[in-house]
1. In this structure, is LEU657 modelled with pLDDT of 85 or more and more than 19 Å from ALA286 (Cβ to Cβ)?
2. If TRP573 satisfies every condition in (1) closer than 20 Å to ASP477 by Cβ; (2) part of a loop (DSSP other than H, G, I, E, B) but one, which is the exception?
3. Residues of the range 816-846 being without any contact (Cβ under 8 Å) to a residue 60 or more places away in the chain, surrounded by fewer than 22 Cβ atoms within 10 Å (Cβ to Cβ), farther than 21 Å from PRO771 by Cβ and of a type in the set (A, V, I, L, M), which ones?
4. Within the range 530-541, does at least one residue satisfy the condition of being crowded, with 20+ Cβ neighbours inside 10 Å, over 20 Å from the mean Cα position of the chain (by Cα) and in the same structural domain as ILE641 (by TED's automatic domain parsing)?
5. In the range 290-310, which residues are under 14 Å from ASP604 (Cα atoms) and crowded, with 24+ Cβ neighbours inside 10 Å?
6. Scan the range 99-127 and report the pairs whose first residue is under 21 Å from GLU139 (Cα atoms) and in a loop (DSSP other than H, G, I, E, B) and whose second residue is among the β-branched types (Val, Ile, Thr) and at pLDDT below 80, with Cβ atoms within less than 6 Å and a gap of 6+ or a chain change.
7. Does GLY918 qualify as being out of contact with any Leu (no Cβ under 6 Å at 6 or more places or on another chain) and at pLDDT 85 or above?
8. Which of (1) over 30 Å from SER384 (Cα atoms); (2) among the polar types (S, T, N, Q); (3) crowded, with 20+ Cβ neighbours inside 10 Å is the odd one out, the single condition THR505 does not satisfy?
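The values are calculated or read from the model by the stated rules, or taken from the named source; none is laboratory data. Small disclaimer: the values here were computed from a predicted structure and weren't measured. A quick note on method: Cβ atoms are made from the backbone with ideal geometry, for glycine too, and the neighbour counts reach across all protein chains shown.
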Amino acid sequence: MSTLLYALGRWSFRHPWRVLVAWLLLLGLAGGGALAFSKGTDNSFSIPGTEAQAGLEQLSRTFPEVSGTSAQIVVVAGDGESIVDEPYRGSIEGAVAELSDVDGVLGVTDPFGEIVAGLVNEDETAAIIRLQFDGQATEVSQGSKDALTAVSNDIAGALPEGAQVALGGDLFSQSVPGLTITEGIGILIALLVLMVTFRSFLVAGLPLATAIIGVGISMALILLSTVVASISSTTPLLALMLGLAVGIDYALFIAARHQDQVREGMDPEESVARATGTAGSAVVFAGITVMIALVGLAFANIPFLTTMGIAASVAVAISVMVAVTLTPALLGFVKGRVIGWKRRRKPPIGPKKDNRWVTIVTKHPVITTVAVTLTLGVLAIPASSLALALPNGGVQPESSPVRVSYDLAAEQFGPGFNGPLIMTGTIVTSTDPLGLMQDLGAEIEKVPGVKEVALATPNQTADTGIIQVIPTTAPDDPETAELVRALRIEADRLYEEYGVDLTVTGFTAVAIDISDRLGAALLPFGVFVVGLSFILLMIVFRSIAVPLTAAVGYLLSVAAAFGVVAAVFEWGWFADLLHIARVGPVISFMPIVLMGVLFGLAMDYQVFLVSRMREDYVHARARALAGGEPVDGRAIALGAIRSGFTASARVVTAAALIMFAVFAAFVPEGDASIKPIALGLAVGIAIDAFLVRMTLIPALMALMGEKAWWMPRWLERVLPHFDIEGEAVERELALADWPEPDTTAAVVAEDLIVAEDDRALFRGVDARLEPGESLVVTAGDPVAARALLLTVAGRVAPTGGRLRVAGHLMPERAAWVRSHVGVALLAGADDPVAELRQALRGNPGIIVVDGLDTVPAGSGRERITSTLRDAAGTTVVASAADTNLASAILVDARREKPRVLDLSAHPIDLAGPLPGRGTATPSSALSSEVNA
């Protein structure tokens, strides 16, 4: 990966116009498609497989008059006046007749109707006109909404001064999130942080430019996808937040590495290539981690949340691609003008001093660990009272008509009037459907938590009945959720007594089922996320302790973020300052979204900070061993923590501040649904970056010393190798002139080692072949000979030493070698000639032939010789037990005597530890490769 990104960064630097025009063209095409074909977002929530959703689907077939969305007009009489007197009654009845003609209205409930109860309050000072529509809220046309508004205004105009009229209900309870000037302030703060970080206005603008282009493409593609998928209005806003945050940060990591290298005197083109190969590798790993966490939202098994996770992961993927291509291209425009303003004070001569903060933390690790843990524990206390619900009219701003209607209904009729429940069942076998429904309604009215049964009636065909239940509590109150569960238990008893299988449904019940499903998904999702982080970090850092501390730190960050959200939205702390319209439950999918996003971002900081510590530890220990000095593992580990922190803290601090600013900007004036998510992410980022990654983790690592980097050898061999810090690029650059500049050798090896488990198959192998030459390899163990051939062919990774095949360093370029080196395994082949011809297809410059001496004498051997003769210019590496016979075949085919390499002359038993590196095939898979 790092070598590919190295080449990509250099190409982008050399062709900046091509890259920029390509991204702008993609932005234009996606934006044009979104404008032309977008069908808009859909705020209707559904949850297949639940009782409430099944009940709604049944009602849509048998009782459509009550299955769609609803609206209401609340009319409150002036002081000392009665709603049943004129002009109130006449105005309401006239409005009922007028509303019946509005397009999409299936029915209008007259509050003064004979079979209706509860639409006029007990004091007769308020009444509600209920309207039922065909379909969900998103299916109601704007013309119908405008007609409702006009009728509502007419009622208000006809009533005396002091009367109140408010239009609301489910039809208007969902708002479409939008952008305000406050979000722009977050970008300005990010720009200021970038300017301070880079000390250059020009360089500071590059991450913003790349992030904006990436976000634009992401938003356009999400809106374009509404042609084939239903997407909630929260989805684009979440993608916008994430795209801006990670887009700026990913470009920042690459640009900061480039600036440091140029300041040290490196050529700008080489610097961009190296920065893309090193920091870009970490960016790709970090982006993949975030994407996996977002796709993991599918654990909840809720379609709209799965769509949200996929859309957000697409935004992150685009941010990664833009960062590793457009950032180098824009740096290509800038060339060498990236050094920035000179410091007022010249840096001191000599080694850079360790960061003062990490020095204090590592000097007092116990005190630091206890203090951070207690602080985060206290912050997490309010999380126990966090309640979840889907948004309704009650979370809208107090000045909005929907909120006015919601508050008036709650004040005049009780809070449960804004979230009625519906119980429905099949009554086709009843001989008295009307009496049956009245009896069932009377039974339901006795259930604790039920204020009244507003309606209990069969449909026109008398095969389905409904009971409309008004709870005593608000739709997002936890007691309403308890009532739904109690009604479902009561339904089982009523089935035994009346033979009617009642289902509890309605939009309030659907919202409660969604919240319950999301709550149940938190534990498996948490196990998935924490387990994933542990495995990924174990692969990256080759350690047990580092991933364990990272996972514990992540859990502390999440708990503290939940606690802050609960303190603000449940307890009301700073609610007015943050413009929280209504204190109460937060949107149901906040916890799972916050956990997923924060996981990815926390792993970003962990990788960027701790990978540098690991690099410094490995290098310092290697220097100590090479110099023959006594190795003080604890001192080396402590020094690596401090030097690694010092080298990466500046960039991580800037990245965290930018993330915090972008997320926090969506809190004061953001949509009610996105506010708790934005606040949780902003607080979680600040806590995780500054308290966990930059304080707790260094303290814990200081306590563990060199044991922080311990891993069992068997696990080390099993785990794959991820080059997230561009080690492959650094090795290729260090060995660029090995064995000599612009070498012509087809194969060259120096001190080559391949080992499996605790046994070296061979070691200390030196060899060199020019194009067209041949080599016969023999060994007492045929597995060793085949292993050498497969190593040359890129199928097995060398354990140590150096190997270059066709000019490509191994194992970094193993993918290219595998596709350009032919492999013929003649030993045991049914048709050795066909095997050899297949390996020579495409005229490879190099071919490895295993078991050249195993072909029986006669026409088969002659055809093998003839095939090799036709490939005269190909370099041949063959294995054979009988080197004389194999040499004779090659002499007859090539008119030239091959070289012979006897692996028996090289030690087979492992003496001492082997250097661990390689990215092609891990040693644990060697036997299957060699014996394939």
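1. no
2. All conditions pass for TRP573, except number (1).
3. Scanning the range 816-846 gives ALA827, ALA829, VAL833, ALA834.
4. Checked against the condition, which is being crowded, with 20+ Cβ neighbours inside 10 Å, over 20 Å from the mean Cα position of the chain (by Cα) and in the same structural domain as ILE641 (by TED's automatic domain parsing), the range 530-541 yields at least one hit.
5. VAL290, ALA293
6. Listed by first residue and then by second, the contacts come to GLY104/VAL140.
7. Spelling it out, it is not the case that GLY918 is out of contact with any Leu (no Cβ under 6 Å at 6 or more places or on another chain) and at pLDDT 85 or above.
8. Only one criterion is unmet by THR505, namely (1).
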